[in-house]
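Written below as structure tokens is the structure these notes are about.
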Amino acid sequence: MSKRDYYDVLGISKNASADEIKKAFRKLAIEHHPDRGGQEDKFKEINEAYEVLKDPEKRTRYDQFGHAGVGNDPGAGFGGGFNQGQSMNFDFGDLGLGDIFGSFFGGNQGRQQRRPTQGQDIETNIDISFEDAIFGTEVQLSLNILSKCEHCKGETVEPGYSLKTCSQCNGSGQVVTVAKTIFGNIQQASICPTCDGSGKVPEKICSVCHGKGTTHKDQKISLKIPAGIEDGSVIRLRERGQAIARGQNGDLYVNVRVRPHKQLTREGNLILSKEHVDLVDATLGTEISVNTVDGPIKMKVPAGTQGGTDFKLSNHGVPNMKGGSRGAHIVTIVVDTPTKLSKEQRELLEKFKHSGKKSFF
């Protein structure tokens, strides 16, 4: 049977660009792939046409001499044909067909996975008081995590013995298998199951961890909380996470939660609070005691102070974590208006009302 014209196979014109050739092949390859229910002969024909037309030199010879210009078996671009028993390598990455062809050629099994060289990161939560967040503190963390085996120091090998080259992978960390497909024998590389990709195995495995290199262990970690830390902050402790055999520990992330204060709130480096004074004290002036993180402080409220007035207590706020002076404590005055008056109080207010003054202040 005579071969079809390659341009007709891909459904393109003879002056099609390289991008048009690639797009046409991609569409037809997806549609007619055998793993998706397509016909093998049709799929081979599409591949054969693409292998010629995507190559400028082969395409020129084909345009001049037809099929004779590219040999009796133009499918040579796929390893000289599809004879069973012949090894071939395929690369559909430039066409974006990796996911589709991946399942047909063994999926992720064909991708070399590197052996992890760092243990897993872990996280924990701590709760501290409002005052501890302002001034800093030190907390003790209690964790049960994977730690380096103390007997073999995480090397997996019994002390007195050493690591040797893995005999299954000859130290490469991977093994190559051959899978038979309709296209021939496909080579697949995967992690060596004997050495787990490291290329080394113990002459004699550790008698304590049985070659794992790690054991679960209770750990006590002292953590200094810096002054001025905010709620929701995360502290990273390098290499205090899970251990791994012959590798670096992961990191420990500590999530800091600050318990709210009953009277005080925080905005950046400022501490805020409200203080109530009655109408007479606000009118005549008074002195009040303000609770701060440094303890009670006396503060004067001048005569005629209006409700909502802010007073600043310098250097009684939050320390700057980058150094320098502390922020301020801002006190907002709330003037309490009496709701129940005695007869005498009412008469005095009525007298003031009719005295011609528009307000107390």
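The values are calculated or read from the model by the stated rules, or taken from the named source; none is laboratory data. A quick note: this is a predicted structure, and the numbers were derived from the prediction, not measured. Every residue, glycine as well, gets a Cβ built from its backbone with ideal geometry; the counts of neighbours run over all protein chains shown. Ligands, DNA and RNA are excluded from the accessible area calculation, which covers all protein heavy atoms including side chains. Shrake-Rupley method; radii C 1.70, N 1.55, O 1.52, S 1.80 Å.
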Pairs where the first residue, in region 349-361, is open to solvent by less than 70 Å² (accessible area, probe 1.4 Å) and the second is at pLDDT 75 or above, C-beta under 8 Å, 6+ apart: L349/L341
Total residues in region 146-169, condition open to solvent by less than 80 Å² (accessible area, probe 1.4 Å), out of contact with any Gly (no Cβ under 7 Å at 6 or more places or on another chain) and closer than 30 Å to L237 by Cβ: 5
In region 205-244, residue farthest from V258 (Cα to Cα) [restricted to those that are basic (K, R) and surrounded by 14 or more Cβ atoms within 10 Å (Cβ to Cβ)]: K212
Members of region 251-299 found to be polar (S, T, N, Q), in contact with a strand residue (DSSP E or B) (Cβ under 8 Å, 6 or more places away or on another chain) and either farther than 24 Å from G232 by Cα or not in a strand (DSSP E or B) (or both), listed by number: Q263, T286, S289, N291
Residues (under 20 Å from T117 (Cβ atoms), β-branched (V, I, T) and assigned to a strand (DSSP E or B)) located in region 176-197: I191
Region 1-25: number of residues that are loosely packed, with under 13 Cβ neighbours inside 10 Å, hydrophobic (A, V, I, L, M, F, W, C) and within 19 Å of H67 (Cβ to Cβ): 1
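Can you pull out every residue in region 231-250 that is in a loop (DSSP other than H, G, I, E, B) and either among the aliphatic types (A, V, I, L, M) or within 16 Å of S147 (Cα to Cα) (or both)? Full working, then the answer.
Here is the first cut: in region 231-250, the ones in a loop (DSSP other than H, G, I, E, B) are 231-233, 238-247, 249-250.
Result: R238, E239, R240, G241, Q242, A243, I244, A245, R246, G247, N249, G250.
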Single condition I21 does not satisfy, out of (1) modelled with pLDDT of 90 or more; (2) of a type outside the set (S, T, N, Q); (3) closer than 30 Å to V178 by Cβ: (3)
Subset of region 274-290 that is of a type outside the set (D, E, K, R), crowded, with 16+ Cβ neighbours inside 10 Å and modelled with pLDDT of 95 or more - its residue that is nearest to A133 (Cα to Cα): V290
Any hit, region 198-216, residues being among the small types (G, A, S) and not in a loop (DSSP other than H, G, I, E, B): no
